[in-house]
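First up is the structure itself, then whatever we jot down about it.
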Amino acid sequence: MAEPALTPPTLETERLILRGFLPSDFEPMAAFYADDVSSFYGGPCNREEAWRKFAAYPGHWALRGFGPWALEEKASGEYVGLAGCWYPEAWPEPELTWALLPAHHGKGYATEAGLRSLEAAYDLFGWETAVSVIALDNTPSARVAERMGATNEGEIAYRYGTAHLWRHRPPAAVS
């Protein structure tokens, strides 16, 4: 695994900039966590708990040497969500994760950022495997995993209940 890094590398895709989190990203994330849309991501929760979840993203970089990126839309400069590498304590394996603000669902951003995160996991951080833990009824995220070339390996128990474990192929195997 990678050495701790306080500053994540900035990466780009065709339409997104994957960058470190900024204080201004908290307001949209607090709104995300206050809404039922966050139920697949540990919410809904109050503002105080949203802050703790938000602070974990840059903290993950400091402790693991990788983590999720803030996603910024190139065309507008708007914060649209997060995606990246995730491996908290007691998690089954290193994971690729994504969460978009509702206004940006359906634009393909999760797949775009997920594929770039997959490349980084292998090329920058030396991962040998990657999964996504997706709640059983989170159909949109399951579709993202499928578009990324992942295979559903079945159900697992995790901290929020039961989920599907999606196994990602190495980037070179994704066409």
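The values are calculated or read from the model by the stated rules, or taken from the named source; none is laboratory data. Computed from a predicted structure; not experimentally measured. In this analysis, Cβ positions are derived from the backbone assuming ideal geometry, glycine residues included, and neighbour counts consider all displayed protein chains.
What's the total number of residues in the stretch 41-66 that are buried (at least 17 other Cβ atoms within 10 Å of the Cβ) and either within 24 Å of GLY161 (Cβ to Cβ) or of a type in the set (Phe, Trp, Tyr) (or both)?
So the count comes out to 9.
Filter the stretch 11-25 for residues that are more than 13 Å from GLY67 (Cβ to Cβ) and touching a residue at least 40 places away in the same chain (Cβ under 8 Å) and give the result.
Result: GLU12, THR13, GLU14, ARG15, LEU16, ILE17, LEU22, SER24, ASP25.
Only one residue in GLU49, GLU14 is of a type outside the set (Ser, Thr, Tyr), in a helix (DSSP H, G or I) and modelled with pLDDT of 95 or more, so which one is that?
Among GLU49, GLU14, only GLU49 is of a type outside the set (Ser, Thr, Tyr), in a helix (DSSP H, G or I) and modelled with pLDDT of 95 or more.
Starting from residues that are without any contact (Cβ under 8 Å) to a residue 24 or more places away in the chain and touching a strand residue (DSSP E or B) at 6+ places or on another chain (Cβ under 7 Å), keep the ones in the stretch 146-163 and report whichever is nearest to SER39 (Cα to Cα).
Across the stretch 146-163, the extreme among qualifying residues is GLU155.
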